[in-house]
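Engineer: What follows is a single structure, and I will ask about it in a moment.
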Amino acid sequence: MVAVVYIWILGLLIYPLSYGNKGIEDPTDICKHTLSCSECIKSHPSCVWCSAQSFTQGGESEGSRCATRLELIQRGCDEDHLMDPKSVVQILKDVPLSDNADKDMVTQLAPQKVYLKLRLGEKRTFQVRFKRAEGYPIDLYYLMDLSYSMKDDLENVKKLGSDIQEVLHNVTKSVRIGFGSFVDKTVLPFANTLEWQMQNPCPSRTERCQPTFSYRHVLSLTSNLTLFQQRVSAENISGNLDTPEGGFDAILQAAVCTDHIGWRNVTRLLVFASDDVFHMAGDGKLAGIYIPSDGHCHLNERGEYHNSNMFDYPSVGHLSQILTAANIQPIFAVTSNALPTYQGLSELIPKSAVGELTEDSSNVVNLISQAYNNLSSTVNLEHVNLPKGIHISYDSHCPDSTKEGQPNGQCSGVKINQMVDFNVTLWMDEKMCQDGLQSFKLRVLGFNEEINVDVESVCHCNCEDEEAFSSYCSGTAGNYSCGICSCMDGYKGKHCECHQNKYDSNEGCMNGTVACNGRGKCECGRCACNKHVHGLFCECDDASCERYEGQLCGGLSRGVCKCGTCECTSNYSGSACSCSLDTSACITPEGICSGHGRCECNKCVCDQGYLNKLCSECPGCQTPCQKYSTCTECQAFSTGFLKDNCSLSCGHVIVTMLKASDWGGKEKEGWCQEKGEDSLLTFHVTEDGELVHILVKEKQEIQDHTQQLILGLVLGIVFIGLLVIVLYRVTVEMFDRQEYSRFMKARSQEQWNDAQNPLYKSATTTVINPNFLQE
């Protein structure tokens, strides 16, 4: 077991060394070792192909032509031979935006047509502008629940035609209104299938209701208000069994039956009025209906959904997809009991609104007005039919927004004639090259205008040196393009000079025991080296240099690895180009490294005792005052521990005594004050080369204040003690006097009455003996 552990540890120590010898792939080396220009530019947007004919030499593989632009230039490829196709954005049609809808052609979305050439993995951005034009036409389709609980609502709706149109006329002059109604599927358990009950589903037989139906289109969109009121007035209430209604069937049919409804390419509003929740996909199985809704129009000549009992209710997702595709904005006008359910539904359907309807629908006009204002002031830019492999993102710049950019295609609170800008960014997945154009559309929900976007992938190099059966490629053996030969079948080699049956021979590639030093393969007697390896026998490895911060020779900005040795740029040095020759980080006002170090690789190397990155701190260093205080004391006063050998230790120090009359308070101007053996030293130091000049003030005795301090401390303690005692006695005396005064006052108020006091009453009872009574 010990031997196994030892071998495992030894392996951990050896593995990094052997791995380092092989060379770790540079994280910046993102270009693949490809053999064609097309494959090179597909590998990464930063990869460039060198088409110079003489670029590869001495065993270099043709795959080394694929690298980053900087690397190829450093290796000698000139700009004219760099194949680096770029993505392109072209605006093909850009009609100015309209201010109002008075003209026949209204433009609210621009540009109208965009063309992009996208290189794989490269992003390109173009701007989309939107502006709400004043007076844009509106189509409103009123879809009403005619189950029995909506009886009083129907009476109010019959009077609403002119009110709805009047409200919408405040927004636009072109308004059309249509009407449709719904109940539910005419099968159990949704409706009573008894014949008499089907004919009159009212709760009371004395009241007349129209037969149960699923959905009926009553009136196509029209600007004739009289006709609207007549057709709606002719409607009668109906009924069903269960609480949920079949509104989803009605919404889907109203959205897809464009010809029946008469939808125009304008703002489309669908007002859905109900007082209860809805059936959705899966509920039809209760009646044995399991076929999913097909999303097609199934209205007969009477405008009725005649296949209601064949197809299941649509799902929420299907309904959302249909409404979005038809560019219809639903307004759910529902009563308070169903409001939370429809609010949840609205979150799943783009560009929809919910409003609370009163029990008799009397507020429906105000509700429609508020919902329309909210919907029209919200701008949602979306894409339709985006091709596979193409990705899109939006950056919205909304008016009156506190944020500079919104990471989606939506803006709220947009007013009429107010511009909204979107930056649309496209990029294409790698390995998704396709010939020809791919197209998709951009549109704003609720508006009929669209932007056509055509995308073409950049997958090929446009080399202008193409030559069929080139002499460079051994005549008829191959074609020349982008600096390399494309050989015909049966031929291989750099110049297509080798027949295939001689291709794999190692002859001419041996420079030892292994062909091409194990760093390439022999092709037609010539070594084709691996990536980053070159030489006649692949002896030079351009990926075996030292690394700095994980990159060969510190990265291309610092140096290039050539045959195992780093060739540094003019600003760097060292075996891994890790040392910067710049000294800007070492400069301080006091000089290089504060005058206490030297600058190496743009970093300070401090002298002994100095710290931090600029050598400006020296915790153990003496100040001039501390350094010369002993020499000052021994030369001026012959005291201190250097007094016996002062001339030897302080021969370079010249001391001048300064009389008290000449002093004048100069200690404030950089003078030193240090404690001597028996006095306080005051002096000034001036360094002049090797000599030091010191001005010294006359000797100042250090006064011993110890006895005074002890005496003052004792007296202070005694005084404070006496003061505490006096305060205590005064406080006690005052308290006693107050208590005595209170006692005397209470005693003076007492009144004693012996007759009334039971303690002073006699306890003896007088008894009269009747024998002693006189007659």
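Engineer: Can you run down the residue pairs with Cβ atoms below 7 Å, 6 or more apart or on separate chains, where the first is in the stretch 624-637 and modelled with pLDDT under 80 and the partner is β-branched (V, I, T)?
Structural biologist: P624/V685
Engineer: Okay, next question. In the stretch 250-273, what count of residues is obtained for those that are among the acidic types (D, E) and in contact with a His (Cβ under 8 Å, 6 or more places away or on another chain)?
Structural biologist: 0
Engineer: Identify, from the list K603, K643, the residue that is surrounded by 12 or more Cβ atoms within 10 Å (Cβ to Cβ), out of contact with any Asp or Glu (no Cβ under 9 Å at 6 or more places or on another chain) and either of a type in the set (D, E, K, R) or at pLDDT 85 or above (or both).
Structural biologist: K603
Engineer: Please go through the stretch 111-140 and pick out each residue that is touching a Pro at 6+ places or on another chain (Cβ under 6 Å) and open to solvent by 30 Å² or more (accessible area, probe 1.4 Å).
Structural biologist: G121
Engineer: Is it fair to say T56 is farther than 30 Å from E466 by Cβ and either among the aromatic types (F, W, Y) or part of a loop (DSSP other than H, G, I, E, B) (or both)?
Structural biologist: No, not satisfied.
Engineer: Oh, and also: Residues that are open to solvent by less than 60 Å² (accessible area, probe 1.4 Å) and among the polar types (S, T, N, Q): which strands (runs of 3 or more DSSP E) entirely in the stretch 402-491 hold 1 or more of them?
Structural biologist: Those strands (runs of 3 or more DSSP E) span 419-428, 437-444, 450-458, 478-481.
Engineer: Please specify each residue of the stretch 620-644 satisfying the condition of being part of a loop (DSSP other than H, G, I, E, B) and over 21 Å from P589 (Cβ atoms).
Structural biologist: Correct list: G620, Q622, S638, T639, G640, F641, L642, K643, D644.
Conditions (1) within 16 Å of H693 (Cβ to Cβ); (2) more than 60 Å from the chain's Cα centre (by Cα); (3) not aromatic (F, W, Y), marked per residue:
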{"site": "L611", "(1), (2), (3)": "no, no, yes"}
{"site": "C615", "(1), (2), (3)": "no, no, yes"}
{"site": "C618", "(1), (2), (3)": "no, no, yes"}
{"site": "C625", "(1), (2), (3)": "yes, no, yes"}
{"site": "F637", "(1), (2), (3)": "no, yes, no"}
{"site": "S647", "(1), (2), (3)": "no, yes, yes"}
{"site": "G651", "(1), (2), (3)": "yes, yes, yes"}
{"site": "M657", "(1), (2), (3)": "yes, yes, yes"}
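Engineer: If you go through the stretch 280-290 one residue at a time, do you hit one that is open to solvent by 20 Å² or more (accessible area, probe 1.4 Å), of a type outside the set (D, E) and either part of a strand (DSSP E or B) or within 20 Å of A371 (Cβ to Cβ) (or both)?
Structural biologist: No: zero hits.
Engineer: Counting only residues that are free of Cβ contacts under 8 Å to residues at least 40 places away in the same chain and either part of a helix (DSSP H, G or I) or more than 55 Å from the chain's Cα centre (by Cα) (or both), how many does the stretch 211-235 have?
Structural biologist: Number of matching residues: 5.
Engineer: Another question, if that's okay. May I ask you to list the residues in the stretch 123-144 that are at pLDDT 90 or above and of a type outside the set (A, V, I, L, M)?
Structural biologist: The answer is K123, R124, T125, F126, Q127, R129, F130, K131, D139, Y141, Y142.
Engineer: Same structure again: Does the stretch 256-274 include one or more residues that are open to solvent by less than 70 Å² (accessible area, probe 1.4 Å), out of contact with any strand residue (DSSP E or B) (no Cβ under 7 Å at 6 or more places or on another chain), in contact (Cβ under 8 Å) with a residue 24 or more places away in the chain and assigned to a loop (DSSP other than H, G, I, E, B)?
Structural biologist: Taking every residue of the stretch 256-274 in turn, none turns out to be open to solvent by less than 70 Å² (accessible area, probe 1.4 Å), out of contact with any strand residue (DSSP E or B) (no Cβ under 7 Å at 6 or more places or on another chain), in contact (Cβ under 8 Å) with a residue 24 or more places away in the chain and assigned to a loop (DSSP other than H, G, I, E, B).
Engineer: Here is a follow-up. Need pairs with beta-carbon distance below 9 Å; first residue assigned to a helix (DSSP H, G or I) and within the stretch 147-170, second small (G, A, S) and surrounded by fewer than 21 Cβ atoms within 10 Å (Cβ to Cβ); sequence gap 6+ or separate chains.
Structural biologist: From the stretch 147-170, the pairs are D153/S362; N156/S362; I164/S369; Q165/S223; V167/S369; L168/S369.
Engineer: Follow-up question, since we're still on this one. Output the residues belonging to the stretch 584-595 that are open to solvent by less than 60 Å² (accessible area, probe 1.4 Å), out of contact with any Leu (no Cβ under 8 Å at 6 or more places or on another chain) and not in a helix (DSSP H, G or I).
Structural biologist: Passing the criteria: only G591.
The values are calculated or read from the model by the stated rules, or taken from the named source; none is laboratory data. Owing to the predicted nature of the structure, the values given are computational and were not obtained by experimental measurement. Here the Cβ is made from the backbone with ideal geometry for all residues, glycine too, and neighbour counts use every protein chain on show. To get the accessible areas, we keep the full protein, side chains included, count just its heavy atoms, and leave off ligands, DNA and RNA. Shrake-Rupley method; radii C 1.70, N 1.55, O 1.52, S 1.80 Å.
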